[in-house]
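All remarks here apply to the structure that follows.
The values are calculated or read from the model by the stated rules, or taken from the named source; none is laboratory data. Because the structure is a prediction, the values reported are computed rather than measured. Here the Cβ positions follow ideal geometry from the backbone for every residue, glycine too, while neighbour counts run over all protein chains shown. Note: areas computed on protein heavy atoms with side chains; ligands, DNA, RNA excluded. Shrake-Rupley method; radii C 1.70, N 1.55, O 1.52, S 1.80 Å.
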Amino acid sequence: MGCCSGRCTLIFLCTIQLIVALERQVFDFLGYQWVPILANFFHIIIVILGLFGTIQYRPRYIVVYAVWTALWVAWNVFIICFYLDVGGLTKESDLLTFNISAHHSWWSEHGPGCVRREVPQPGVRTADSQSYVSVMGCLMDYQYIEVLHSGIQILMALLGFVYACYVVSAITEEEDSFDFIGGFDPFPLYHVNEKPSHLLLKPMVHKST
């Protein structure tokens, strides 16, 4: 019963992780955040692998998922430090776009309550002239939205790690106990008591008087 409840909980956690990861992937695509896009892609693949291993009783797949959750926690801690300008990191850098573009988080211009205005640069207006984008009225700064996303990912990853370890331990104990009682013995015990067939065919000798 304990293994069943643990498996059901882990399946539920993996499903929620997939939904949250897909939601995050969409907004990272909109913001052209290439490094998080790659990280989210690998995360989705490993979560699917862990979900398959949990459903099919494959402890090796669950172990891979558990190891990845530890790495995923470290990645999201880095994202939090990046957006909070901790340890020499700065959210104004182009690190998350491989330094090939100046795009930033999609939430920086489309957060809740944000009003986006384009202010043309002074001087001659041409078709190629760029405008300065002004964002006002945001109910929450975009960096805190990104930090909130990473915080949720960390919480779910920690829960997934705990339940993955529990399910692997429970499945291993069940397999060991099944082997101990002879569940995989190709020669059951009742064959030991069977008599050889040649004893049944022994001829009867009658003595004459």
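General observations
- Within the accessible area of the range 36-94, the carbon and sulfur atoms contribute 74%, probe 1.4 Å, all protein chains present.
- Distant-in-sequence amide H partners of C138 (H built 1.01 Å from N, under 5 Å): V115
- Converting phi to 3J(HN,Hα) with the Karplus coefficients 6.51, -1.76 and 1.60 and the offset θ = phi - 60°, the range 162-171 yields 4, 6, 5, 4, 5, 5, 4, 5, 5, 5 Hz in sequence order, with x at every glycine or proline.
- Estimated from the Cβ-Cβ distance and a Förster radius of 35 angstrom, the FRET efficiency linking S5 and E109 is about 0.20.
- Cut-off 15 Å between beta-carbons: net charge of the residues surrounding M140, Lys and Arg +1, Asp and Glu -1: -2
- Solvent-accessible surface of the range 1-125, averaged per residue with a 1.4 angstrom probe and all protein chains in place: 56 square angstrom.
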